[in-house]
1. GNM, the chain, Cα, under 10 Å: largest mean-square fluctuation among 37, 91, 12?
2. For the chain, give the share of DSSP beta bridges that are antiparallel, in percent and rounded to the nearest 5; count only bridges with both residues there.
3. Whose amide H sits under 5 Å from the amide H of residue 21, counting only residues 5 or more places off or on another chain, with H placed in the peptide plane?
4. Along the charge dipole of the chain, Cβ charges K/R +1 and D/E -1, which of 54, 81, 67 sits furthest on the positive end?
5. Roughly how many percent of the accessible protein surface of segment 47-101 is carbon and sulfur, given a 1.4 Å probe and a whole-percent answer?
6. Anyone know which of 15, 47, 24 comes out most mobile in the 10 Å Cα GNM of the chain?
7. Please report the relative contact order for the chain, taking Cα pairs under 8 Å with a sequence separation of at least 6, and give it as a percent rounded to a whole number.
8. Who wins for biggest fluctuation among 50, 26, 67 in a Gaussian network model of the chain, springs between alpha carbons below 10 Å?
Amino acid sequence: MAAKLKKGDEVVVLTGKDKGKKGTISSVAPSANKAVVEGINIAIRHTKQSQGSQGGRIPKAMPIDLSNLALLDKNGKATRVGFRIEGDKKVRFAKTTGEAI
């Protein structure tokens with residue numbers, strides 16, 4: 001199945017402790033149905049110091065379920081994503097405005 005949300009998409013969180021916050025997807029794991037969004041679902045990870053990195057309490061963005069995210073359209077509102085064929089290409093489009101993404 002084609003991915004409705006991809007890396008680099010602007011999204012808004014629909015549910016959970018970060019409800020209403022906006023961010024950009026930094027990575028997607030389709031097999032786990034999860035995505036990591038910059039600045040969303042932050043957890044503190046205690047890491048040991050190593051030769052390449054400083055140790056301590058490091059804030060890290062944790063994965064969030066794709067069902068809890070919605071794409072932002074050009075008006076800045078949450079929208080669902082649909083697919084259609086334009087010419088010989090399959091493109092994603094915003095259901096609210098009907099424009100291709």
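The values are calculated or read from the model by the stated rules, or taken from the named source; none is laboratory data. All values derive from a computational prediction rather than experimental measurement. No Cβ is skipped: glycine too gets one built from the backbone with ideal geometry, and neighbour counts run over all protein chains shown. With ligands, DNA and RNA removed, areas are computed over all heavy atoms of the protein, side chains included. Shrake-Rupley method; radii C 1.70, N 1.55, O 1.52, S 1.80 Å.
1. Checking each option, the largest mean-square fluctuation is seen for 91.
2. Details: 27 of 27 bridges.
That works out to approximately 100 percent antiparallel.
3. Those lying under 5 Å, H to H, from residue 21 are 13.
4. 54
5. Values: 1910 of 3960 Å².
Carbon with sulfur: 48 percent of the solvent-accessible area.
6. Of the options given, 47 has the highest mean-square fluctuation.
7. Values: 183 pairs, mean separation 21.3, N = 101.
Relative CO of the chain lands at 21 percent.
8. In this elastic network of the chain, the residue with the biggest mean-square fluctuation among 50, 26, 67 is 50.
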